[in-house]
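Here the structure is laid out as structure tokens; the discussion comes afterwards.
The values are calculated or read from the model by the stated rules, or taken from the named source; none is laboratory data. None of the values given here were measured: they were computed from a predicted structure. Here the Cβ is made from the backbone with ideal geometry for all residues, glycine too, and neighbour counts use every protein chain on show. Please note that ligands, DNA and RNA were not included when accessible areas were found on the heavy atoms of the full protein model with its side chains. Shrake-Rupley method; radii C 1.70, N 1.55, O 1.52, S 1.80 Å.
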Amino acid sequence: MEKKIDLTLKVWRQRDRKAKGQFETYNVKGISTDSSFLEMLDVLNEQLINEGKEPVVFDHDCREGICGMCSLYINGHPHGPDSAITTCQLHMRKFNNGDTITIEPWRSAGFPVIRDLMVDRTAYDQIIAAGGYTSVNAGGAQDANAILIPKTDADEAMDSASCIGCGACVAACKNGSAMLFVSAKVSQLALLPQGRVEAARRARAMVAKMDELGFGNCTNTGACAAECPKSISLSNIARLNREFIKAKLQD
Amino acid sequence: MWLTNSSIGRKVVMSLSGLFLVLFLTFHMCMNLALVFSPDAYNAICGFLGANWYALVGTAVLAAGFIVHIIYAFWLTWQNRKARGNDRYAVTTRPKSVEWASQNMLVLGIIVILFLVLHMAQFWFKMQLNEIVPVSDANPHDGSYLVIETFKNPVMVVIYILWFAALWFHLTHGFWSALHTIGFNNNIWFNRWKVIGNVFATIICLGFAFVAVALYIQYGVLGWDVPQMPAVH
Ligand code: HEM
Ligand code: SF4
Ligand code: FES
């Protein structure tokens, strides 16, 4: 049943990368519990614009949990208190009338704030560009059964491939480590014969880029997997370690 | 060199040095058990580990293991704080699946070294070192006497148990994490390693604690005579 709730929002405001940010407190009234978290922020922004103030800047795109653009650290959780969903999939029915909600940007040296709640995640694009692909000859599509792949491998590769590159893993990590993301991207290809060919080169190049960009050393706390909206498994990190150590021992 | 200039390489060093220290602890705990049953047997083991070349090489390797582990611990933690950046979250939570120990490995490690300093002063200093250069009046060949005299005091027993507790927390995360770091893990082994690590950490720490408590009961409470070797000089 739809209900209307009133909320107090503590929102991080920061003019640009260099500026010192601070929390601003806003009240929003009559929010439908059927609306999504981002729709609630739309209501807030509408209200701010009508008051002649600057709207809050935040990232979003598909609003259906597939693009990886939305972010937000809500009450101590990347993508909010619910598990295995993105912020755009978070419903306001998860909150109660009168709640105070604290909304912060991803805070990590690798993801500097651009403005307010929007952070620069191009570091992830650079890691992908370093080797997160397969080199293939273009041409007609091959017959699907030309290379046989065990179902378990295909399933595991598919699970790894469900990473949307949102960066919640880095945001959740006390070490600012990008290992869950990088390990998912290495695994989705390392598990398949087409990706095996370049597996060693890929592991070396992606880890080198990740280190160069200043992400931390993974100490296996597991906060990343606990907060990941796609439930990417920690076993990917063990696989990345294996791939990387094997590659280095071959050198 | 990938063991210093890549994140996974540095973690491999952390993992292998940690596993080496775990092996050492296992041996140390087993040898301590002898003291509860036979002070003479314990002295015989200490005799092997006195000032002879293989024991000294062993001590040097062990010290190197500790030093590497500790240097990397501070180095990794410093890098990780830098990677996190200066802005801290106003609201933080710890997801249920995240072990408390995993987020406090450095603090636990520092507690372990502080007690280690006390431990070295109490025993290593008066035993192996004393045999090489006379630094104390204690008889370096009579380890049993030294250890029993220490644990007759209940305050020492409590202090050592606190130490073992810090070690227990360090190992419950450290054990499975070390295997994960060197890639020996997957979805099936994930929980198995955690259980094996918990059981192993518990056996090691209970073993150490058992010796301290048993000596206290035997000599502190029941008042057994403390066996002492006749002085040599
Ligand atoms: C008998 C003593 C010790 C044993 C058996 C031991 C064992 C271990 C093991 C097995 C790990 C897991 C490695 C990994 O995650 O790959 C570890 C991690 C760690 N240890 Fe120790 N350790 C000991 C003493 C110390 C000391 C004295 C410190 C000092 C400051 C320390 C600090 C750390 C830290 C910070 C980590 C986490 C680092 C990481 O995972 O990257 N440890 N330890
Ligand atoms: S691993 Fe999960 S949290 Fe990290 S980028 Fe991918 S989807 Fe986001
Ligand atoms: S906006 Fe696309 S995943 Fe949330």
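Computed values, structure above
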| quantity | calculated |
| --- | --- |
| Boolean, B:LEU167 is without any contact (Cβ under 8 Å) to a residue 40 or more places away in the chain and under 30 Å from B:LEU3 (Cα atoms) | no |
| Helices (runs of 4 or more DSSP H) (entirely within the stretch A:171-251) containing at least 3 residues that are within 12 Å of chain B (Cβ to nearest Cβ) and in contact with a Pro (Cβ under 7 Å, 6 or more places away or on another chain) | A:223-227 |
| Filter result for the condition that a residue is crowded, with 19+ Cβ neighbours inside 10 Å, on the phi > 0 side of the Ramachandran plot and outside any strand (DSSP E or B), over A:GLY52, A:GLY139, A:GLY65, A:GLY98 | A:GLY65 |
| Positions within the stretch A:128-156 being of a type in the set (D, E, K, R) and more than 31 Å from the chain's Cα centre (by Cα), in sequence order | A:ASP143 |
| Selected residue (only one of A:GLY195, A:GLY216, A:GLY165 is more than 11 Å from ligand 2 (Cβ to nearest atom) and under 27 Å from A:LEU117 (Cα atoms)) | A:GLY216 |
| In the stretch B:59-93, the residues that are in a loop (DSSP other than H, G, I, E, B), charged (D, E, K, R) and surrounded by fewer than 17 Cβ atoms within 10 Å (Cβ to Cβ) | B:ARG88 |
| Filter result for A:HIS60 (open to solvent by 50 Å² or more (accessible area, probe 1.4 Å), more than 11 Å from ligand 2 (Cβ to nearest atom), within 14 Å of the chain's Cα centre (by Cα) and more than 12 Å from A:PRO105 (Cα to Cα)) | yes |
| Residue check for A:ARG107: under 25 Å from A:VAL182 (Cβ atoms) and among the charged types (D, E, K, R) | yes |
| Pair list, Cβ under 7 Å, 6 or more apart: the stretch A:143-155 residue more than 18 Å from A:GLN188 (Cα to Cα), other residue outside any helix (DSSP H, G or I) and open to solvent by less than 100 Å² (accessible area, probe 1.4 Å) | none |
| Close pairs from the stretch A:172-198: first at positive phi, partner more than 16 Å from ligand 1 (Cβ to nearest atom) and open to solvent by 40 Å² or more (accessible area, probe 1.4 Å), Cβ under 8 Å, at least 6 apart | A:GLY176/A:ALA109 |
| Qualifying position, being touching a residue at least 24 places away in the same chain (Cβ under 8 Å), under 23 Å from B:ASP225 (Cα atoms) and open to solvent by less than 70 Å² (accessible area, probe 1.4 Å), among B:VAL112, B:VAL157 | B:VAL157 |
| Residue ID - farthest from ligand 3 (Cβ to nearest atom), chosen from residues in the stretch A:152-170 that are in a helix (DSSP H, G or I) and open to solvent by less than 30 Å² (accessible area, probe 1.4 Å) | A:ALA157 |
| Qualifying positions in the stretch A:173-196 - more than 16 Å from ligand 1 (Cβ to nearest atom) and either open to solvent by 20 Å² or more (accessible area, probe 1.4 Å) or not small (Gly, Ala, Ser) (or both) | A:PHE181, A:VAL182, A:LYS185, A:VAL186, A:GLN188, A:LEU189, A:LEU191, A:LEU192, A:PRO193, A:GLN194, A:ARG196 |
| Pairs with Cβ under 8 Å, 6+ apart, first in the stretch B:57-78 and within 14 Å of chain A (Cβ to nearest Cβ) and in contact (Cβ under 8 Å) with a residue 24 or more places away in the chain, second within 16 Å of ligand 2 (Cβ to nearest atom) and small (Gly, Ala, Ser) | none |
